[in-house]
Structures are given as C-alpha cells and as structure tokens.
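First comes the structure, then the notes that go with it.
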Amino acid sequence: MWVKMAKENPMRLHLTLEPELAKRLNKYMVEVAKRKGEIPYALKTKIVYAALKEWLDNHEKDYDFP
C-alpha cells in the first residue's frame with residue numbers, strides 16, 4: 001500500500017510515541033527487516049496512515065470521543 005499525497009495541500013503530522021509503544025513499533029520493524037531482509041520504504045508512514053484511516057472510519061462523527 002503506497003500513500004500518494006495530493007500536491008495541493010499535503011498535511012504533515014509530528015508524532016511522539018510513549019516509550020512502550022515506541023518499543024513495540026521498533027520490535028515490529030526489526031521483525032519485518034529480518035523476514036524481508038530490509039525495512040520496506042516508508043513503513044512507519046504506511047502504518048500511521050492505516051491506523052489514522054481506520055480510526056477516522058470508525059470515529060469520524062464521534063465528537064465526544066476524547
């Protein structure tokens with residue numbers, strides 16, 4: 001899955017993970033690298049994009065969520 005951003009209005013997010021979540025993500029990246037022999041291009045971006053899309057698909061109209 002490759003994410004193609006519209007050139008007109010791209011939006012960037014700055015994401016800081018809690019230490020435990022960062023460990024889990026790094027462990028996942030290492031396992032992917034072991035199995036594939038490399039880390040696929042923009043893997044973290046693809047993961048965050050997929051998670052954000054899923055969250056919005058489920059909660060886009062849930063304005064009382066936080």
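Pairing residues of region 42-66 that are closer than 18 Å to Pro10 by Cα with residues that are open to solvent by 80 Å² or more (accessible area, probe 1.4 Å), at Cβ distances under 6 Å and at least 6 apart in sequence or on separate chains, gives Lys46/Met1. Among the criteria (1) open to solvent by 100 Å² or more (accessible area, probe 1.4 Å); (2) assigned to a helix (DSSP H, G or I); (3) of a type in the set (Ser, Thr, Tyr), the one Thr45 does not fulfil is (1). For region 6-19, the count of residues that are open to solvent by less than 90 Å² (accessible area, probe 1.4 Å) and at pLDDT below 90 is nonzero.
The values are calculated or read from the model by the stated rules, or taken from the named source; none is laboratory data. Since the structure is predicted, the reported quantities are computational estimates derived from the model, not experimental observations. As a convention, Cβ positions derive from the backbone with ideal geometry for all residues, glycine included, and neighbour counts pool all protein chains shown. Side chains included, ligands, DNA and RNA excluded: accessible areas come from the protein's heavy atoms. Shrake-Rupley method; radii C 1.70, N 1.55, O 1.52, S 1.80 Å.
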